1. For segment 16-68, how many residues are polar (S, T, N, Q) and without any contact (Cβ under 8 Å) to a residue 12 or more places away in the chain?
2. Restricting to segment 33-51, and then to whatever is aliphatic (A, V, I, L, M) and more than 27 Å from H97 (Cα to Cα), can you tell me which residue is surrounded by the most Cβ atoms within 10 Å (Cβ to Cβ)?
3. Tell me which residues, restricted to segment 217-228, are open to solvent by less than 10 Å² (accessible area, probe 1.4 Å) and assigned to a helix (DSSP H, G or I).
4. Considering only segment 114-133, state which residues are at pLDDT 95 or above and either touching a Lys or Arg at 6+ places or on another chain (Cβ under 7 Å) or of a type in the set (S, T, N, Q) (or both).
5. What do you reckon, is G71 crowded, with 19+ Cβ neighbours inside 10 Å, under 12 Å from A164 (Cα atoms) and without any contact (Cβ under 8 Å) to a residue 60 or more places away in the chain?
6. Exactly one condition in (1) modelled with pLDDT under 95; (2) touching a Gly at 6+ places or on another chain (Cβ under 7 Å) is not met by P101; state its number.
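The values are calculated or read from the model by the stated rules, or taken from the named source; none is laboratory data. The shown structure was predicted, so the numbers you read here are calculated from the model rather than taken from an experiment. All Cβ positions, even for glycine, are placed from backbone atoms using ideal geometry, and neighbour counts span all protein chains on display. When the accessible area is computed, the model is the full protein with side chains, heavy atoms only, and any ligands, DNA or RNA have been set aside. Shrake-Rupley method; radii C 1.70, N 1.55, O 1.52, S 1.80 Å.
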Amino acid sequence: MASDPIPQPPLILLPGLLCDRTVWEPQIAALSSRRVIQVADFWGRDSFDAMADGVLAQAPPRFALAGHSMGGRVALEIVRRAPERVERLALLSTGVHPVLPNEAAQREELIRFAWEQGMTALARRWLPPVLHPDRRGDADLVGRLEAMWCRATPAIHEGQIRAALTRRDARDVLPTLTCPTLVLGGEDDPWSPPAQQSAIAEAIPQGRLAIIPRCGHMVTLEAPEATTTLLADWLSR
């Protein structure tokens, strides 16, 4: 009599700044037959430490982990704390560098803008730069992203910006990664450009780089089929 297959560790998905499960919906639909999927909620937390600790407190003993943008940085803080619990890692459109010169001033201006002008104005300011020019006229995509960001509040926005401004330099984590790791980005992402993704992948012993052409920062929604295919391959390795 054949034994039952060993269940695969769950997959935990980490959203980026002001994002929720909306950004992962295509991947949830496609991959839920392969793994149990959990999506983290970072709203109301104002440090990457608190975000990482919250995920670990609710996670099973061992899991696969994928983080987009800010979520990728939180993923690295999770690995810093509990590398033995992360079965495999995917970093999407993220960064590892510490706070840059002039970054604090720019982010403080965004905090003021959100409080003074509101979340709709902030979403409409953010949207064009994060998307590939070909996708900026996609009413469905733009509408979903704008609605998601407008579900947040200026207070939630400020908390996550404060988290970004108190982040650690995560470059020291990369050489310690021993699990299969996918580094994925968009070819036309101004926030996390291909050169940045390449440098991250090269610093990881088992790092694999994938760059999606004609795609901006929101890879999971801008190129859902390509992103899902790459994640499915990563899960099967």
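1. Pass one, segment 16-68, residues polar (S, T, N, Q): 22, 27, 32-33, 38, 47, 58.
In the following step, the residues that additionally are without any contact (Cβ under 8 Å) to a residue 12 or more places away in the chain were identified as 32-33.
Total meeting the criteria: 2.
2. First, pick out the residues of segment 33-51 that are aliphatic (A, V, I, L, M): 36-37, 39-40, 50-51.
Pick out the ones that are also more than 27 Å from H97 (Cα to Cα) and you get 36-37.
Values: V36: 13, I37: 18.
Step by step, filter segment 33-51, then rank; the result is I37.
3. Taking segment 217-228 and keeping what is open to solvent by less than 10 Å² (accessible area, probe 1.4 Å), we get 217-221, 227.
Those that are open to solvent by less than 10 Å² (accessible area, probe 1.4 Å) and assigned to a helix (DSSP H, G or I): V219, T220, L221, T227.
4. Those that are at pLDDT 95 or above and either touching a Lys or Arg at 6+ places or on another chain (Cβ under 7 Å) or of a type in the set (S, T, N, Q) (or both): Q117, T120, H132.
5. Values: crowded, with 19+ Cβ neighbours inside 10 Å: yes; under 12 Å from A164 (Cα atoms): yes; without any contact (Cβ under 8 Å) to a residue 60 or more places away in the chain: yes.
Here the answer is yes, as G71 does meet what is asked.
6. Every listed condition holds for P101 apart from (2).
Residue-wise test of (1) open to solvent by less than 40 Å² (accessible area, probe 1.4 Å); (2) within 17 Å of the chain's Cα centre (by Cα).
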residue	(1), (2)
P190	no, yes
A201	yes, yes
I204	yes, no
L209	no, yes
C215	yes, yes
L230	yes, yes
S236	no, no
